[in-house]
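Okay, so here's the structure we're looking at.
The values are calculated or read from the model by the stated rules, or taken from the named source; none is laboratory data. Computed from a predicted model, the values in this text were never measured in an experiment. Here the Cβ is made from the backbone with ideal geometry for all residues, glycine too, and neighbour counts use every protein chain on show.
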Amino acid sequence: MMLIAGCGYIGQMLAGALLKAGEPVTGLVRRDASVEQLNHLGISALQVDLDQAVKFDLDLENESIFYFIPPPSAGVEDTRLQHFLAALSGHQGFKKLVLISTTGVYGDCGGEWVDEQRPVNPRFDRAKRRWHAEQQLRAYCQQHQGEHVVLRVAGIYGPGHLPLERLRKRLPMVPESEAPWTNRIHALDLVQVCQAAMARGRDGEVYNVSDGHPGNMTDYFNQVADHAGLLRPPVVKRADADGQLSAGMLSYLQESRRLSHQKMIEELQVTLQYPSLKSGLMASF
């Protein structure tokens, strides 16, 4: 049995691929509406609220787990993963857990190419929470039976997961000349990377997940707008952006890095369906 903890956008895509391959799947979700959605899709659902201590009525001995649940929105610790691992402690060890983390744990790299040997330097709380999750999982697996693999994932895009509402609102962006390097991965490629990590990822290893073709954030919004038939976002100079861009967007603009995905390609043996933003966007509308 495969457990997908956090069976939302990517989790449901992965569940569909696993079910098609004949694998039994259970999705762990928090809300009633999510349970109904999974049931409608033919996916077995387990409802758990990891914002508090929990117990599982589920035997995960020698089972495979994909953990996609995001950390809480505040603080520097991932208490949700903490509660999840505490609940697992009462059971025999799982076979392998694949954790989705973020490339944000590297912090600002000044536009340099970044591989998995790069020391982490999380700058913002959202990245510190992800780094805390990685550390928790590593410590847990050192004390309990079970392998683990960490995927540091770039920005995810795909059908139903594009910034169309932002474009319709005509929210501004900085000029391309002032935009930092960013990295992307198409949702369907992420799904196959998750499957490959479960099948071939080495215990304790970290893999960068991206399409290997960095761009910049402004170009991303421009290309999405062009494909959607919308106006490109208006431009505001970085020096004037503080009052016009959200705090979240401003924080993203303070980090620049180009991800190497060589380890992912070689060790996980994946062939990306959408190795460029252009090809990925053509399959996203």
Residue list for segment 250-285, restricted to those being of a type outside the set (Ser, Thr, Tyr), at pLDDT 95 or above and part of a helix (DSSP H, G or I): Gln262, Lys263, Met264, Ile265, Glu266, Glu267, Leu268, Leu277, Lys278, Gly280, Leu281, Met282
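Which one is farthest from the chain's Cα centre (by Cα), of the residues in segment 119-149 that are outside any loop (DSSP other than H, G, I, E, B), among the polar types (S, T, N, Q) and surrounded by fewer than 18 Cβ atoms within 10 Å (Cβ to Cβ)?
Within segment 119-149, the first condition is being outside any loop (DSSP other than H, G, I, E, B), and the residues that meet it are 125-143, 147-149.
Right, trim to among the polar types (S, T, N, Q) and you get 135-136, 142-143.
From what is left, the residues that are surrounded by fewer than 18 Cβ atoms within 10 Å (Cβ to Cβ) are 135, 142-143.
Working: Gln135: 17, Gln142: 24, Gln143: 26 Å.
Looking at residues that are outside any loop (DSSP other than H, G, I, E, B), among the polar types (S, T, N, Q) and surrounded by fewer than 18 Cβ atoms within 10 Å (Cβ to Cβ), I get Gln143.
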Some residue of segment 65-79 being within 22 Å of Asp203 (Cα to Cα) and at pLDDT below 95: no
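For residues that are closer than 20 Å to Pro172 by Cα and among the aliphatic types (A, V, I, L, M), scanning just segment 184-238, find the one that is surrounded by the most Cβ atoms within 10 Å (Cβ to Cβ). If you could, list the steps in order and put the result at the bottom.
At the first step, the residues of segment 184-238 found to be closer than 20 Å to Pro172 by Cα are 215-238.
Now restrict to residues that are among the aliphatic types (A, V, I, L, M): 217, 224-225, 228, 230-231, 235-236.
Numbers: Met217: 20, Val224: 22, Ala225: 19, Ala228: 16, Leu230: 14, Leu231: 11, Val235: 14, Val236: 18.
Step by step, filter segment 184-238, then rank; the result is Val224.
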Candidates Gln117, Gln143, filtered to the one that is over 17 Å from Phe66 (Cα atoms) and at pLDDT below 95: Gln143
Count - residues of segment 239-267 that are closer than 18 Å to Ala154 by Cα, among the polar types (S, T, N, Q) and loosely packed, with under 15 Cβ neighbours inside 10 Å: 2
Residues (part of a strand (DSSP E or B) and over 30 Å from Asp125 (Cβ atoms)) located in segment 21-59: Val25, Thr26, Ser44, Ala45
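Is it the case, given these coordinates, that Leu97 is crowded, with 21+ Cβ neighbours inside 10 Å, at pLDDT 95 or above and not in a loop (DSSP other than H, G, I, E, B)?
Spelling it out, Leu97 is indeed crowded, with 21+ Cβ neighbours inside 10 Å, at pLDDT 95 or above and not in a loop (DSSP other than H, G, I, E, B).
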Long-range neighbours under 6 Å by Cβ, at least six apart or interchain, first residue under 21 Å from Arg184 (Cβ atoms) within segment 220-241, second among the charged types (D, E, K, R): Asn222/Arg232; Ala225/Arg232
Cross-chain or 6+ apart pairs with Cβ under 7 Å, segment 177-189 first and assigned to a helix (DSSP H, G or I), then among the β-branched types (Val, Ile, Thr): Ala187/Ile10; Ala187/Ile156
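Report the residue count in segment 53-80 for those that are within 18 Å of His132 (Cβ to Cβ) and without any contact (Cβ under 8 Å) to a residue 60 or more places away in the chain. Full working, then the answer.
Initial filter on segment 53-80 (within 18 Å of His132 (Cβ to Cβ)): 53, 67-80.
This time we only want the ones that are without any contact (Cβ under 8 Å) to a residue 60 or more places away in the chain, so: 53, 72-80.
Residues in segment 53-80 being within 18 Å of His132 (Cβ to Cβ) and without any contact (Cβ under 8 Å) to a residue 60 or more places away in the chain: 10 in total.
Go over the candidates Gln92, Gln12 one by one and state the one that is of a type in the set (S, T, N, Q) and either more than 21 Å from the chain's Cα centre (by Cα) or part of a loop (DSSP other than H, G, I, E, B) (or both). Talk me through it step by step, then tell me what you get.
Working: Gln12 fails: either more than 21 Å from the chain's Cα centre (by Cα) or part of a loop (DSSP other than H, G, I, E, B) (or both).
Among Gln92, Gln12, only Gln92 is of a type in the set (S, T, N, Q) and either more than 21 Å from the chain's Cα centre (by Cα) or part of a loop (DSSP other than H, G, I, E, B) (or both).
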Number of the exception - Asn62 against (1) modelled with pLDDT of 95 or more; (2) assigned to a loop (DSSP other than H, G, I, E, B); (3) over 27 Å from Arg184 (Cβ atoms); (4) polar (S, T, N, Q): (1)
